[in-house]
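*Asks:* Got a structure for you, written out below as C-alpha cells; questions coming shortly.
Just so you know, all these numbers are worked out from the coordinates, no wet-lab data involved. Computed from a predicted model, the values in this text were never measured in an experiment. Neighbour counts are summed over all protein chains in view; Cβ atoms, including those assigned to glycine, are modelled from backbone coordinates with ideal geometry.
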Amino acid sequence: MVHPTSNPISDRMRSSPAGGASERAAAYLHPGQLFVSADSHAVTTILGSCVAVCLWDPVTRIGGINHFLLPTFSGQGIASPRFGNIAIKDLLDQLAELGSQKHNLLAKMFGGACVLEAFRQRQNHLGMQNIEVARELLESESIPLVGHDVGGQRGRKVVFHTDDGSAWVKVL
Amino acid sequence: MAARKILLVDDSETILQMEQMILAKEPYELLVARDGAEGVARALEDNPDLILMDVVMPRMGGFEALRQLRGNQRTSTVPVVMVTTKAEADSIETGYASGCNDYIVKPIDSIELIAKLRDLLGD
C-alpha cells in the first residue's frame with residue numbers, strides 16, 4: 001500500500017520496495033539511531049511522531065538516515081541522536097567521514113505524524129516540532145529537501161536506499 | 001480538574017516499577033494491569049486517558065488486548081503506546097495494524113516517555 005500523498009516524492013515510491021532489494025544489504029533502524037554507508041543498503045524504519053532525515057551524495061553514492069524522537073536537546077540528560085539537532089549533525093559528520101561532499105548532499109524527510117485525531121489542529125504537536133527542526137537545520141546547512149512525506153495522522157514504514165536516495169513509504 | 005489516568009500494562013514488575021518511577025512526578029494517576037486481559041478489564045472499568053501496553057504477556061498479549069480495546073466503543077479512541085523491544089521490530093507494524101498510536105522501545109528513556117505522554121495528552 002502506498003501513501004496517497006499530495007506531495008509525491010518519486011515514482012519509485014509508488015512501487016514495492018522489492019525492486020533492486022536483492023542488490024542491497026538490509027538494515028533496520030531503531031528510534032534514536034542513525035545509519036550511514038558507502039555501500040548499497042536498504043534501511044527500514046517505522047515512524048509515528050518521530051522524523052527520519054535521509055541524506056545522500058549522488059556523486060559518491062554515500063548515504064544515511066536518522067530517526068529522532070524529540071526536536072531539540074536542551075542540555076538536560078545526554079546529547080543523543082534521539083534529538084533532532086544532534087541526529088542531523090551526527091548524520092552530516094558521519095557522512096563526511098565516509099567521504100561524502102556536503103555541497104552534493106540531497107535530503108528527504110519522513111514522519112512527524114500527529115497520531116491523535118483530537119489534536120490534529122494543534123500546530124505544536126511533537127511531530128510538527130520534529131518536522132520544523134529538520135526543515136530549519138537542512139535550510140541552515142543549505143541542503144536541498146527534494147522529497148518529503150510528513151505530518152498526517154498515521155504511522156509510516158520507510159525503506160530508504162542509501163546509494164541512490166530512493167525511498168518507499170507505507171502508511172500504517 | 002481530576003488527574004489524568006495512565007494505565008500501565010506489563011507482566012514485568014521491573015518495567016512497571018521503572019514506568020512508575022519515571023512518571024512519579026508527573027500529574028497523573030497511575031493504574032496497573034499485569035497482562036492484556038487485566039488491561040482490557042481495567043480500561044473498561046477505569047476509563048484511562050492513555051495506555052502504555054507491553055507486547056508479550058501471558059494470558060493475553062498486547063496486540064490482542066489492543067484489538068479488543070479498539071473493538072469496544074468505550075475504548076476505541078483511547079491513546080495506546082506500545083512498549084516494545086528492539087528484538088520486536090517486526091511487531092511494530094502489527095501494533096499499528098492493531099490500532100496503536102505510537103510506540104516506545106525498551107529500555108525506556110524517561111525524557112522520551114514523558115514527552116510522548118504529554119504530547120498524546122495534549123499537555
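*Asks:* Going by what's in this entry, would B:Asp119 be described as more than 19 Å from B:Arg4 (Cα to Cα) and either free of Cβ contacts under 8 Å to residues at least 12 places away in the same chain or of a type in the set (S, T, N, Q) (or both)?
*Replies:* So B:Asp119 fails the test.
*Asks:* Keeping to region B:42-69, report how many residues are among the hydrophobic types (A, V, I, L, M, F, W, C) and closer than 15 Å to B:Arg4 by Cβ.
*Replies:* Looking only at that region, the number is 4.
*Asks:* Further question on the same structure: Based on what the data block shows, is B:Ile114 among the β-branched types (Val, Ile, Thr), touching a residue at least 40 places away in the same chain (Cβ under 8 Å), surrounded by 14 or more Cβ atoms within 10 Å (Cβ to Cβ) and within 11 Å of another protein chain (Cβ to nearest Cβ)?
*Replies:* yes
*Asks:* Another one. May I ask you to verify whether A:Leu138 is in contact (Cβ under 8 Å) with a residue 60 or more places away in the chain, under 14 Å from the mean Cα position of the chain (by Cα) and not in a strand (DSSP E or B)?
*Replies:* Yes; evaluated as a whole, the condition is true for this residue.
*Asks:* Within region A:147-171, restricting attention to residues that are more than 19 Å from A:Ser40 (Cβ to Cβ) and among the aliphatic types (A, V, I, L, M), which residue is surrounded by the fewest Cβ atoms within 10 Å (Cβ to Cβ)?
*Replies:* In this case the residue turns out to be A:Val171.
*Asks:* Related question: Among the residues of region A:67-118 satisfying the criterion of being part of a loop (DSSP other than H, G, I, E, B), more than 10 Å from every other protein chain (Cβ to nearest Cβ) and among the polar types (S, T, N, Q), which is surrounded by the most Cβ atoms within 10 Å (Cβ to Cβ)?
*Replies:* Checked region A:67-118; the qualifying residue surrounded by the most Cβ atoms within 10 Å (Cβ to Cβ) is A:Ser100.
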